[in-house]
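Remarks on the structure that follows.
The values are calculated or read from the model by the stated rules, or taken from the named source; none is laboratory data. Just so it is clear, the model here is predicted, and its values are computed rather than measured. No Cβ is skipped: glycine too gets one built from the backbone with ideal geometry, and neighbour counts run over all protein chains shown.
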Amino acid sequence: MEISKHSLPQITPEILKKLTGEELLQLSIKMLNDLKELHDRLNQNSNNSSRPSSSMPPWEKNGLDKNNEHSENTPTEREEDKRERNNKNSSENNLSNEMNSDNLNTRIKALKESFLQNTNVEELPARKPGKQKGSTGFGRTWNPEATEAAIHCALDTCIVCNFLLDQMNNTPYTQFNQLDIRLGNTTQPGLEVIVTPHILYDNTCTQCGHQNRYDPKSGLISNQTQLSEWRWIGPFLAALIVHLKMDFRLPIRKIQELLCYFGIQLSTGVIQECYEESGVAIASLEKPIVETLIQESLVHADETIWLEKSKTLWLWIFNAISVVYFCVGKRTKEQLQQVLNASFSGWLMTDGYGAYRHYAKRLRCWAHLLRKAQGLADSCDLVAQEFGLLTLDILSICMNAVYDWRKESHPLEKTDALTNKLNSLLEEFKLICEKYGGVSHEKTKNLAKEFMNDWDAIFRILQYPYLPLTNNEAERGLRPWVLLRKICFGSKSANGTKTFTLLASVIGTCRKRAVNSINFLADAILAARKGLPVKMIPNNL
(Lines give C-alpha, C1' and ligand atoms only; values in the text may rest on other atoms or scores of the structure.)
Protein backbone atom coordinates (compact mmCIF):
# COMPACT_ATOMS: atom_id res chain seq x y z
CA MET A 1 0.00 0.00 0.00
CA GLU A 2 1.33 3.43 -0.99
CA ILE A 3 1.76 6.20 1.56
CA SER A 4 -0.85 8.82 0.67
CA LYS A 5 -0.35 12.58 0.66
CA HIS A 6 -2.70 12.75 3.65
CA SER A 7 -0.50 10.41 5.70
CA LEU A 8 2.94 11.64 4.65
CA PRO A 9 2.87 15.04 6.47
CA GLN A 10 1.91 13.25 9.70
CA ILE A 11 5.06 11.09 9.67
CA THR A 12 7.50 13.18 11.72
CA PRO A 13 10.80 12.29 13.44
CA GLU A 14 8.94 12.12 16.76
CA ILE A 15 6.56 9.49 15.37
CA LEU A 16 9.43 7.43 13.94
CA LYS A 17 11.17 7.34 17.35
CA LYS A 18 8.09 5.61 18.84
CA LEU A 19 8.09 2.75 16.33
CA THR A 20 9.65 -0.65 16.92
CA GLY A 21 12.35 -2.11 14.72
CA GLU A 22 9.89 -4.28 12.77
CA GLU A 23 7.51 -1.37 12.28
CA LEU A 24 10.36 0.83 11.03
CA LEU A 25 11.42 -1.90 8.61
CA GLN A 26 7.91 -2.22 7.15
CA LEU A 27 7.56 1.56 6.84
CA SER A 28 10.99 1.82 5.22
CA ILE A 29 10.01 -0.81 2.64
CA LYS A 30 6.88 1.17 1.75
CA MET A 31 8.87 4.38 1.46
CA LEU A 32 11.54 2.64 -0.62
CA ASN A 33 8.91 1.35 -3.06
CA ASP A 34 7.35 4.82 -3.31
CA LEU A 35 10.77 6.40 -3.85
CA LYS A 36 11.64 3.97 -6.64
CA GLU A 37 8.32 4.66 -8.35
CA LEU A 38 8.83 8.42 -8.07
CA HIS A 39 12.34 8.14 -9.52
CA ASP A 40 10.97 6.10 -12.40
CA ARG A 41 8.43 8.83 -13.09
CA LEU A 42 11.10 11.52 -12.96
CA ASN A 43 13.25 9.58 -15.40
CA GLN A 44 10.47 9.25 -17.97
CA ASN A 45 11.20 10.92 -21.30
CA SER A 46 10.33 10.49 -24.95
CA ASN A 47 12.74 7.55 -25.24
CA ASN A 48 11.30 5.34 -22.49
CA SER A 49 7.65 6.39 -22.30
CA SER A 50 4.80 7.77 -24.37
CA ARG A 51 5.72 11.36 -23.53
CA PRO A 52 6.25 13.52 -26.65
CA SER A 53 9.71 14.85 -27.43
CA SER A 54 8.40 18.42 -27.09
CA SER A 55 7.83 17.82 -23.35
CA MET A 56 11.56 17.49 -22.74
CA PRO A 57 13.41 20.64 -21.61
CA PRO A 58 15.83 22.00 -24.24
CA TRP A 59 18.88 21.43 -22.04
CA GLU A 60 18.03 17.71 -21.81
CA LYS A 61 17.65 17.42 -25.58
CA ASN A 62 21.17 18.78 -26.08
CA GLY A 63 22.53 16.17 -23.70
CA LEU A 64 21.27 13.25 -25.79
CA ASP A 65 23.32 11.60 -28.49
CA LYS A 66 22.25 11.10 -32.08
CA ASN A 67 20.29 8.00 -31.18
CA ASN A 68 18.54 9.86 -28.32
CA GLU A 69 19.46 7.11 -25.89
CA HIS A 70 22.33 8.25 -23.68
CA SER A 71 24.53 11.27 -23.15
CA GLU A 72 27.53 11.73 -25.40
CA ASN A 73 30.05 11.10 -22.65
CA THR A 74 28.38 7.98 -21.23
CA PRO A 75 29.07 4.65 -22.97
CA THR A 76 25.97 2.57 -23.55
CA GLU A 77 25.43 -0.60 -21.62
CA ARG A 78 25.27 -2.58 -24.86
CA GLU A 79 28.76 -1.40 -25.87
CA GLU A 80 30.18 -2.37 -22.46
CA ASP A 81 28.58 -5.81 -22.63
CA LYS A 82 29.91 -6.32 -26.15
CA ARG A 83 33.43 -5.31 -25.10
CA GLU A 84 33.31 -7.66 -22.12
CA ARG A 85 31.99 -10.52 -24.24
CA ASN A 86 34.76 -10.04 -26.83
CA ASN A 87 37.42 -10.08 -24.13
CA LYS A 88 35.96 -13.25 -22.64
CA ASN A 89 35.80 -15.03 -25.98
CA SER A 90 39.34 -13.90 -26.76
CA SER A 91 40.67 -15.59 -23.67
CA GLU A 92 38.78 -18.84 -24.43
CA ASN A 93 40.04 -19.54 -27.95
CA ASN A 94 42.07 -17.97 -30.76
CA LEU A 95 39.40 -18.39 -33.39
CA SER A 96 37.09 -15.79 -31.92
CA ASN A 97 40.11 -13.50 -31.49
CA GLU A 98 40.69 -13.69 -35.25
CA MET A 99 37.01 -12.89 -35.90
CA ASN A 100 36.74 -9.72 -33.79
CA SER A 101 35.88 -6.44 -35.50
CA ASP A 102 39.43 -5.03 -35.64
CA ASN A 103 40.91 -8.12 -37.29
CA LEU A 104 37.96 -8.39 -39.66
CA ASN A 105 38.45 -4.80 -40.80
CA THR A 106 42.16 -5.45 -41.32
CA ARG A 107 41.53 -8.62 -43.34
CA ILE A 108 38.85 -6.97 -45.47
CA LYS A 109 41.15 -4.04 -46.21
CA ALA A 110 43.97 -6.41 -47.20
CA LEU A 111 41.67 -8.41 -49.50
CA LYS A 112 40.45 -5.20 -51.09
CA GLU A 113 43.99 -3.96 -51.79
CA SER A 114 44.93 -7.37 -53.22
CA PHE A 115 41.92 -7.34 -55.51
CA LEU A 116 42.70 -3.85 -56.80
CA GLN A 117 46.33 -4.76 -57.46
CA ASN A 118 45.46 -7.98 -59.34
CA THR A 119 42.70 -6.44 -61.46
CA ASN A 120 44.41 -3.07 -62.08
CA VAL A 121 41.19 -1.27 -61.04
CA GLU A 122 41.55 2.13 -59.42
CA GLU A 123 39.55 2.82 -56.28
CA LEU A 124 36.68 5.22 -56.93
CA PRO A 125 36.68 8.48 -54.95
CA ALA A 126 34.11 8.96 -52.22
CA ARG A 127 30.77 10.33 -53.42
CA LYS A 128 30.31 13.98 -52.55
CA PRO A 129 27.07 15.01 -50.84
CA GLY A 130 24.44 16.96 -52.73
CA LYS A 131 23.55 17.19 -56.41
CA GLN A 132 25.89 15.15 -58.60
CA LYS A 133 27.40 16.38 -61.84
CA GLY A 134 25.27 15.41 -64.82
CA SER A 135 22.13 14.63 -62.82
CA THR A 136 18.74 16.02 -63.80
CA GLY A 137 18.08 19.37 -62.18
CA PHE A 138 14.88 20.86 -60.83
CA GLY A 139 13.28 24.11 -61.87
CA ARG A 140 10.00 25.95 -61.78
CA THR A 141 7.45 24.22 -64.01
CA TRP A 142 4.50 26.46 -63.09
CA ASN A 143 4.28 29.57 -65.30
CA PRO A 144 0.95 31.29 -64.65
CA GLU A 145 -0.50 33.68 -67.18
CA ALA A 146 -0.47 37.41 -66.55
CA THR A 147 -3.58 38.81 -64.89
CA GLU A 148 -2.56 42.46 -64.64
CA ALA A 149 -1.45 45.06 -67.17
CA ALA A 150 2.28 45.09 -67.80
CA ILE A 151 4.49 47.56 -65.97
CA HIS A 152 6.87 49.28 -68.41
CA CYS A 153 10.25 50.10 -66.91
CA ALA A 154 12.24 52.66 -68.92
CA LEU A 155 14.53 55.62 -68.23
CA ASP A 156 13.25 59.18 -68.79
CA THR A 157 16.58 60.95 -69.33
CA CYS A 158 19.98 59.99 -70.69
CA ILE A 159 22.48 58.88 -68.06
CA VAL A 160 25.37 60.67 -69.83
CA CYS A 161 24.01 63.98 -71.13
CA ASN A 162 20.75 64.14 -69.15
CA PHE A 163 18.85 64.71 -72.41
CA LEU A 164 15.14 63.87 -72.41
CA LEU A 165 14.71 60.48 -74.09
CA ASP A 166 12.14 59.81 -76.78
CA GLN A 167 9.91 57.07 -75.39
CA MET A 168 9.02 56.01 -78.94
CA ASN A 169 12.57 54.64 -79.23
CA ASN A 170 12.14 52.23 -76.31
CA THR A 171 13.17 48.67 -77.21
CA PRO A 172 12.31 45.82 -74.81
CA TYR A 173 15.31 43.66 -73.92
CA THR A 174 13.92 41.42 -71.16
CA GLN A 175 10.85 40.73 -69.04
CA PHE A 176 10.02 39.08 -65.74
CA ASN A 177 6.72 38.25 -64.07
CA GLN A 178 5.93 38.92 -60.42
CA LEU A 179 3.48 36.80 -58.44
CA ASP A 180 1.61 38.59 -55.68
CA ILE A 181 -1.71 38.66 -53.84
CA ARG A 182 -4.37 41.29 -53.31
CA LEU A 183 -5.88 41.14 -49.83
CA GLY A 184 -9.61 41.58 -49.42
CA ASN A 185 -11.60 43.71 -47.00
CA THR A 186 -15.07 43.73 -45.45
CA THR A 187 -16.73 45.01 -48.63
CA GLN A 188 -14.77 42.70 -50.97
CA PRO A 189 -13.64 39.68 -48.93
CA GLY A 190 -11.25 37.13 -50.31
CA LEU A 191 -7.72 36.75 -51.55
CA GLU A 192 -6.86 37.36 -55.21
CA VAL A 193 -3.73 35.96 -56.86
CA ILE A 194 -2.25 38.38 -59.40
CA VAL A 195 0.61 38.04 -61.91
CA THR A 196 2.15 41.28 -63.18
CA PRO A 197 4.62 41.38 -66.11
CA HIS A 198 7.54 43.81 -65.85
CA ILE A 199 9.04 44.83 -69.21
CA LEU A 200 12.50 46.43 -69.20
CA TYR A 201 13.58 48.71 -72.06
CA ASP A 202 16.67 50.00 -73.88
CA ASN A 203 16.72 53.49 -75.34
CA THR A 204 19.41 55.14 -77.52
CA CYS A 205 19.89 58.84 -76.86
CA THR A 206 19.45 60.96 -80.01
CA GLN A 207 21.70 63.67 -78.53
CA CYS A 208 24.88 61.73 -77.64
CA GLY A 209 24.16 58.24 -78.96
CA HIS A 210 24.51 56.55 -75.55
CA GLN A 211 22.47 53.37 -75.15
CA ASN A 212 20.50 53.69 -71.92
CA ARG A 213 19.24 50.56 -70.22
CA TYR A 214 16.80 50.30 -67.34
CA ASP A 215 18.31 47.98 -64.73
CA PRO A 216 16.18 46.67 -61.85
CA LYS A 217 16.91 48.68 -58.75
CA SER A 218 18.85 46.81 -56.08
CA GLY A 219 18.52 47.30 -52.38
CA LEU A 220 20.39 45.85 -49.43
CA ILE A 221 22.83 42.96 -49.69
CA SER A 222 23.28 41.10 -46.42
CA ASN A 223 24.07 37.50 -45.48
CA GLN A 224 24.17 36.53 -49.18
CA THR A 225 20.59 37.81 -49.58
CA GLN A 226 20.15 40.60 -52.15
CA LEU A 227 16.99 42.67 -52.32
CA SER A 228 16.07 43.68 -55.84
CA GLU A 229 13.06 44.66 -57.93
CA TRP A 230 13.67 41.51 -59.95
CA ARG A 231 11.70 39.16 -57.72
CA TRP A 232 9.33 36.32 -58.54
CA ILE A 233 7.41 36.82 -55.27
CA GLY A 234 5.67 40.16 -54.68
CA PRO A 235 5.90 42.06 -51.37
CA PHE A 236 2.39 41.22 -50.09
CA LEU A 237 2.80 37.50 -50.72
CA ALA A 238 6.22 37.61 -49.04
CA ALA A 239 4.68 39.37 -46.00
CA LEU A 240 1.93 36.73 -45.84
CA ILE A 241 4.52 33.94 -45.90
CA VAL A 242 6.33 35.61 -42.98
CA HIS A 243 3.11 35.74 -40.97
CA LEU A 244 2.29 32.12 -41.68
CA LYS A 245 5.72 31.15 -40.40
CA MET A 246 5.86 33.49 -37.40
CA ASP A 247 2.31 34.13 -36.17
CA PHE A 248 0.71 30.87 -37.26
CA ARG A 249 3.87 28.85 -36.51
CA LEU A 250 3.59 26.80 -39.69
CA PRO A 251 6.60 24.83 -40.99
CA ILE A 252 7.69 25.56 -44.55
CA ARG A 253 6.09 22.35 -45.84
CA LYS A 254 2.75 23.34 -44.32
CA ILE A 255 3.01 26.84 -45.80
CA GLN A 256 3.69 25.24 -49.18
CA GLU A 257 0.62 23.03 -48.79
CA LEU A 258 -1.62 25.89 -47.67
CA LEU A 259 -0.61 28.11 -50.61
CA CYS A 260 -1.45 25.26 -52.99
CA TYR A 261 -5.10 25.58 -51.90
CA PHE A 262 -5.04 29.09 -53.40
CA GLY A 263 -3.40 27.86 -56.60
CA ILE A 264 0.06 29.16 -55.64
CA GLN A 265 2.78 26.57 -56.28
CA LEU A 266 6.05 27.54 -54.60
CA SER A 267 9.14 25.55 -53.70
CA THR A 268 10.39 25.36 -50.13
CA GLY A 269 13.52 27.26 -51.18
CA VAL A 270 11.48 30.22 -52.46
CA ILE A 271 9.47 30.30 -49.23
CA GLN A 272 12.66 30.30 -47.15
CA GLU A 273 14.10 33.11 -49.31
CA CYS A 274 11.04 35.26 -48.60
CA TYR A 275 11.56 34.77 -44.87
CA GLU A 276 15.26 35.66 -45.04
CA GLU A 277 14.62 38.63 -47.36
CA SER A 278 12.11 40.15 -44.95
CA GLY A 279 14.67 40.04 -42.13
CA VAL A 280 17.20 41.93 -44.26
CA ALA A 281 14.53 44.47 -45.28
CA ILE A 282 13.69 45.50 -41.69
CA ALA A 283 17.22 45.29 -40.25
CA SER A 284 17.47 49.09 -40.15
CA LEU A 285 14.52 49.27 -37.72
CA GLU A 286 16.37 47.58 -34.86
CA LYS A 287 18.23 50.74 -33.78
CA PRO A 288 15.15 53.05 -33.63
CA ILE A 289 13.21 50.35 -31.76
CA VAL A 290 15.91 50.14 -29.09
CA GLU A 291 16.17 53.93 -28.89
CA THR A 292 12.41 54.16 -28.33
CA LEU A 293 12.60 51.41 -25.72
CA ILE A 294 15.17 53.32 -23.66
CA GLN A 295 12.88 56.36 -23.52
CA GLU A 296 9.94 54.35 -22.10
CA SER A 297 8.83 54.92 -18.51
CA LEU A 298 8.15 51.22 -17.78
CA VAL A 299 9.72 48.10 -19.32
CA HIS A 300 8.81 44.46 -18.60
CA ALA A 301 11.82 42.14 -19.05
CA ASP A 302 12.07 38.38 -19.08
CA GLU A 303 14.07 35.59 -20.72
CA THR A 304 13.59 31.99 -21.82
CA ILE A 305 15.75 29.33 -23.43
CA TRP A 306 16.41 29.53 -27.17
CA LEU A 307 18.30 26.94 -29.21
CA GLU A 308 20.68 27.92 -32.00
CA LYS A 309 21.64 24.65 -33.65
CA SER A 310 23.59 22.90 -30.86
CA LYS A 311 24.04 26.01 -28.65
CA THR A 312 21.72 26.82 -25.77
CA LEU A 313 21.11 30.56 -25.61
CA TRP A 314 18.41 32.79 -24.13
CA LEU A 315 15.62 34.74 -25.79
CA TRP A 316 15.17 38.12 -24.06
CA ILE A 317 12.02 40.24 -24.26
CA PHE A 318 11.75 43.92 -23.37
CA ASN A 319 8.07 44.84 -23.46
CA ALA A 320 7.04 48.48 -23.09
CA ILE A 321 3.90 50.52 -23.74
CA SER A 322 4.54 51.35 -27.41
CA VAL A 323 7.37 49.03 -28.42
CA VAL A 324 8.63 45.47 -27.88
CA TYR A 325 12.15 44.28 -28.53
CA PHE A 326 13.59 40.74 -28.71
CA CYS A 327 17.19 39.60 -28.74
CA VAL A 328 19.05 36.32 -28.27
CA GLY A 329 22.25 35.95 -26.27
CA LYS A 330 23.69 34.72 -23.02
CA ARG A 331 21.86 34.98 -19.73
CA THR A 332 24.24 37.52 -18.23
CA LYS A 333 24.26 41.02 -16.83
CA GLU A 334 26.37 42.18 -19.78
CA GLN A 335 23.76 40.98 -22.28
CA LEU A 336 21.10 42.94 -20.40
CA GLN A 337 23.21 46.11 -20.35
CA GLN A 338 23.70 45.96 -24.12
CA VAL A 339 19.99 46.76 -24.46
CA LEU A 340 19.17 48.81 -21.35
CA ASN A 341 22.27 50.96 -21.05
CA ALA A 342 22.93 53.87 -18.70
CA SER A 343 20.48 56.07 -20.65
CA PHE A 344 17.52 54.04 -19.44
CA SER A 345 15.89 55.77 -16.45
CA GLY A 346 12.44 54.15 -16.33
CA TRP A 347 10.98 51.41 -14.17
CA LEU A 348 12.05 47.81 -14.83
CA MET A 349 9.66 44.95 -13.95
CA THR A 350 11.42 41.58 -13.65
CA ASP A 351 11.47 38.24 -11.90
CA GLY A 352 14.04 37.29 -9.25
CA TYR A 353 17.01 36.65 -11.56
CA GLY A 354 20.17 38.21 -10.10
CA ALA A 355 21.26 39.97 -13.32
CA TYR A 356 18.50 42.55 -12.82
CA ARG A 357 19.43 43.55 -9.27
CA HIS A 358 21.84 46.35 -10.20
CA TYR A 359 18.90 48.48 -11.45
CA ALA A 360 17.80 50.89 -8.74
CA LYS A 361 14.28 51.47 -10.09
CA ARG A 362 13.27 47.82 -10.20
CA LEU A 363 9.97 46.10 -9.44
CA ARG A 364 9.49 42.43 -8.59
CA CYS A 365 6.77 40.26 -10.08
CA TRP A 366 4.43 39.09 -7.34
CA ALA A 367 3.00 36.27 -9.44
CA HIS A 368 6.31 34.40 -9.15
CA LEU A 369 6.32 34.86 -5.36
CA LEU A 370 2.71 33.73 -5.03
CA ARG A 371 3.40 30.56 -7.03
CA LYS A 372 6.42 29.71 -4.90
CA ALA A 373 4.48 30.36 -1.70
CA GLN A 374 1.59 28.23 -2.93
CA GLY A 375 4.06 25.44 -3.73
CA LEU A 376 5.30 25.52 -0.14
CA ALA A 377 1.74 25.57 1.20
CA ASP A 378 1.00 22.41 -0.83
CA SER A 379 4.21 20.70 0.33
CA CYS A 380 4.33 17.60 2.50
CA ASP A 381 6.81 19.31 4.84
CA LEU A 382 5.13 20.96 7.82
CA VAL A 383 7.72 23.76 8.07
CA ALA A 384 7.26 24.56 4.38
CA GLN A 385 3.48 24.55 4.79
CA GLU A 386 3.66 26.98 7.67
CA PHE A 387 5.90 29.49 5.89
CA GLY A 388 3.95 29.17 2.62
CA LEU A 389 0.63 29.96 4.29
CA LEU A 390 2.12 32.90 6.21
CA THR A 391 3.59 34.33 3.00
CA LEU A 392 0.30 33.97 1.13
CA ASP A 393 -1.55 35.81 3.92
CA ILE A 394 0.95 38.70 3.98
CA LEU A 395 0.95 39.12 0.21
CA SER A 396 -2.85 38.95 0.08
CA ILE A 397 -3.18 41.75 2.65
CA CYS A 398 -0.72 43.93 0.70
CA MET A 399 -2.44 43.28 -2.63
CA ASN A 400 -5.87 44.11 -1.24
CA ALA A 401 -4.47 47.39 0.09
CA VAL A 402 -3.09 48.23 -3.37
CA TYR A 403 -6.39 47.36 -5.07
CA ASP A 404 -8.35 49.49 -2.60
CA TRP A 405 -6.01 52.43 -3.24
CA ARG A 406 -6.51 52.11 -6.99
CA LYS A 407 -10.30 52.27 -6.63
CA GLU A 408 -9.96 55.78 -5.29
CA SER A 409 -8.86 58.76 -7.35
CA HIS A 410 -5.16 59.36 -6.79
CA PRO A 411 -2.41 61.08 -8.81
CA LEU A 412 0.28 58.86 -10.35
CA GLU A 413 2.97 59.74 -7.84
CA LYS A 414 4.75 58.35 -4.83
CA THR A 415 2.74 57.81 -1.64
CA ASP A 416 3.63 56.81 1.92
CA ALA A 417 0.09 55.98 2.98
CA LEU A 418 0.29 52.24 2.32
CA THR A 419 3.77 51.77 3.76
CA ASN A 420 2.77 53.59 6.98
CA LYS A 421 -0.39 51.50 7.19
CA LEU A 422 1.39 48.16 6.70
CA ASN A 423 4.72 49.02 8.35
CA SER A 424 4.23 46.90 11.48
CA LEU A 425 3.03 43.92 9.42
CA LEU A 426 6.07 44.13 7.13
CA GLU A 427 8.47 44.39 10.06
CA GLU A 428 6.96 41.23 11.53
CA PHE A 429 7.17 39.46 8.18
CA LYS A 430 10.83 40.45 7.86
CA LEU A 431 11.59 38.74 11.17
CA ILE A 432 9.71 35.66 9.92
CA CYS A 433 11.85 35.56 6.76
CA GLU A 434 15.03 35.82 8.84
CA LYS A 435 13.83 32.91 10.97
CA TYR A 436 12.91 30.63 8.09
CA GLY A 437 16.07 31.55 6.21
CA GLY A 438 17.95 29.12 8.46
CA VAL A 439 15.69 26.04 8.25
CA SER A 440 16.82 22.80 6.63
CA HIS A 441 14.05 22.66 4.01
CA GLU A 442 15.73 23.92 0.85
CA LYS A 443 12.81 25.60 -0.95
CA THR A 444 11.59 27.27 2.23
CA LYS A 445 15.05 28.63 2.95
CA ASN A 446 15.48 29.86 -0.63
CA LEU A 447 12.17 31.74 -0.69
CA ALA A 448 12.88 33.39 2.66
CA LYS A 449 16.32 34.51 1.42
CA GLU A 450 14.77 35.73 -1.82
CA PHE A 451 12.49 38.06 0.15
CA MET A 452 15.45 39.34 2.15
CA ASN A 453 17.64 39.95 -0.92
CA ASP A 454 14.88 41.69 -2.92
CA TRP A 455 12.95 43.31 -0.10
CA ASP A 456 12.96 46.86 -1.53
CA ALA A 457 12.10 45.75 -5.07
CA ILE A 458 9.25 43.51 -3.83
CA PHE A 459 7.51 46.03 -1.58
CA ARG A 460 8.30 49.14 -3.63
CA ILE A 461 4.82 48.72 -5.13
CA LEU A 462 3.38 49.99 -1.84
CA GLN A 463 5.06 53.36 -2.50
CA TYR A 464 4.03 53.40 -6.17
CA PRO A 465 0.73 51.48 -6.17
CA TYR A 466 -0.22 52.68 -9.68
CA LEU A 467 2.55 50.49 -11.15
CA PRO A 468 1.83 46.83 -12.12
CA LEU A 469 2.08 44.00 -9.62
CA THR A 470 3.12 41.28 -12.07
CA ASN A 471 5.35 40.73 -15.07
CA ASN A 472 2.51 39.26 -17.14
CA GLU A 473 3.21 41.60 -20.08
CA ALA A 474 6.58 39.94 -20.62
CA GLU A 475 5.23 36.45 -19.94
CA ARG A 476 2.44 36.85 -22.49
CA GLY A 477 4.85 38.39 -25.00
CA LEU A 478 7.15 35.37 -24.78
CA ARG A 479 4.42 32.74 -24.93
CA PRO A 480 3.92 32.66 -28.75
CA TRP A 481 7.65 32.29 -29.35
CA VAL A 482 7.96 29.53 -26.75
CA LEU A 483 5.32 27.62 -28.73
CA LEU A 484 7.25 28.32 -31.92
CA ARG A 485 10.44 27.02 -30.29
CA LYS A 486 8.71 23.77 -29.37
CA ILE A 487 7.69 23.29 -33.00
CA CYS A 488 10.86 24.33 -34.85
CA PHE A 489 13.38 23.67 -32.02
CA GLY A 490 14.92 27.14 -32.36
CA SER A 491 17.07 28.36 -35.24
CA LYS A 492 19.82 26.69 -37.25
CA SER A 493 22.30 29.58 -37.52
CA ALA A 494 23.15 33.04 -36.20
CA ASN A 495 21.56 34.60 -39.29
CA GLY A 496 18.35 32.67 -38.65
CA THR A 497 18.33 33.84 -35.03
CA LYS A 498 18.79 37.48 -36.07
CA THR A 499 16.01 37.23 -38.65
CA PHE A 500 13.67 35.74 -36.05
CA THR A 501 14.32 38.43 -33.41
CA LEU A 502 13.93 41.26 -35.96
CA LEU A 503 10.62 39.93 -37.25
CA ALA A 504 9.32 39.24 -33.74
CA SER A 505 10.22 42.79 -32.66
CA VAL A 506 8.56 44.42 -35.68
CA ILE A 507 5.40 42.27 -35.52
CA GLY A 508 5.07 42.87 -31.77
CA THR A 509 5.61 46.63 -32.11
CA CYS A 510 3.02 46.81 -34.92
CA ARG A 511 0.45 45.26 -32.57
CA LYS A 512 1.38 47.70 -29.83
CA ARG A 513 0.79 50.60 -32.20
CA ALA A 514 -2.37 49.27 -33.89
CA VAL A 515 -0.62 48.87 -37.26
CA ASN A 516 -1.45 46.13 -39.76
CA SER A 517 1.79 44.18 -39.70
CA ILE A 518 1.24 42.48 -43.08
CA ASN A 519 0.77 45.82 -44.84
CA PHE A 520 3.76 47.31 -43.00
CA LEU A 521 6.03 44.39 -43.87
CA ALA A 522 4.94 44.52 -47.50
CA ASP A 523 5.74 48.25 -47.69
CA ALA A 524 9.10 47.69 -45.99
CA ILE A 525 10.05 44.88 -48.39
CA LEU A 526 9.01 46.99 -51.40
CA ALA A 527 11.05 49.99 -50.22
CA ALA A 528 14.10 47.85 -49.43
CA ARG A 529 13.99 46.23 -52.87
CA LYS A 530 14.17 49.68 -54.47
CA GLY A 531 17.01 50.78 -52.19
CA LEU A 532 14.82 53.29 -50.35
CA PRO A 533 14.94 53.80 -46.57
CA VAL A 534 12.40 51.84 -44.53
CA LYS A 535 10.28 54.12 -42.35
CA MET A 536 9.75 53.51 -38.65
CA ILE A 537 6.50 51.90 -37.55
CA PRO A 538 3.85 54.64 -37.10
CA ASN A 539 1.89 54.93 -33.86
CA ASN A 540 -1.86 54.84 -34.55
CA LEU A 541 -2.93 54.89 -30.90
Quiz item: When you go through (1) touching a Lys or Arg at 6+ places or on another chain (Cβ under 9 Å); (2) of a type in the set (Gly, Ala, Ser); (3) more than 25 Å from SER267 (Cα to Cα) one by one for ALA149, which number turns out not to apply?
Solution: (1)
Exercise. Considering every residue within the stretch 381-402, establish whether at least one is at pLDDT 90 or above and under 27 Å from the mean Cα position of the chain (by Cα).
Key: no
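Yes or no, residue by residue, for (1) part of a helix (DSSP H, G or I); (2) on the phi < 0 side of the Ramachandran plot; (3) surrounded by 14 or more Cβ atoms within 10 Å (Cβ to Cβ):
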site: GLU428; (1), (2), (3): yes, yes, no
site: LEU431; (1), (2), (3): yes, yes, no
site: LEU467; (1), (2), (3): no, yes, yes
site: LEU502; (1), (2), (3): yes, yes, yes
site: SER505; (1), (2), (3): yes, yes, yes
site: PRO533; (1), (2), (3): no, yes, no
Exercise. Could you tell me which of the residues PHE326, PHE429 is closer than 20 Å to ASN472 by Cα and out of contact with any Pro (no Cβ under 7 Å at 6 or more places or on another chain)?
Key: PHE326
Quiz prompt | Condition met for LEU541 (at pLDDT below 95 and either closer than 16 Å to PRO288 by Cβ or buried (at least 21 other Cβ atoms within 10 Å of the Cβ) (or both)) | solution = no
Quiz item: Among the residues of the stretch 124-145, is there at least one that is within 23 Å of ILE271 (Cβ to Cβ), surrounded by 13 or more Cβ atoms within 10 Å (Cβ to Cβ) and modelled with pLDDT of 75 or more?
Solution: yes
Quiz item: When you look at LYS330, is it among the basic types (Lys, Arg) and either crowded, with 16+ Cβ neighbours inside 10 Å or in contact (Cβ under 8 Å) with a residue 24 or more places away in the chain (or both), yes or no?
Solution: no
Exercise. Could you identify the single residue in ASN185, ASN203, ASN177 that is surrounded by fewer than 12 Cβ atoms within 10 Å (Cβ to Cβ) and either under 36 Å from the mean Cα position of the chain (by Cα) or not in a loop (DSSP other than H, G, I, E, B) (or both)?
Key: ASN185
Practice problem: Taking LEU370 as the residue in question, decide whether it is of a type outside the set (S, T, N, Q), farther than 19 Å from VAL439 by Cβ and crowded, with 16+ Cβ neighbours inside 10 Å. | Solution: yes
Quiz item: Out of (1) farther than 30 Å from ALA154 by Cβ; (2) surrounded by fewer than 20 Cβ atoms within 10 Å (Cβ to Cβ); (3) within 29 Å of the chain's Cα centre (by Cα), the odd one out for GLU273 is which?
Solution: (1)
Quiz item: Taking the condition without any contact (Cβ under 8 Å) to a residue 24 or more places away in the chain, surrounded by 22 or more Cβ atoms within 10 Å (Cβ to Cβ) and assigned to a strand (DSSP E or B), does TRP306 pass?
Solution: no
Exercise. Confirm whether ASP456 is more than 31 Å from the chain's Cα centre (by Cα) and of a type outside the set (A, V, I, L, M).
Key: yes
Exercise. Kindly provide the set of residues from the stretch 161-174 that are farther than 24 Å from GLY234 by Cβ and loosely packed, with under 13 Cβ neighbours inside 10 Å, ordered by number.
Key: CYS161, ASN162, LEU164, ASP166, GLN167, MET168, THR171
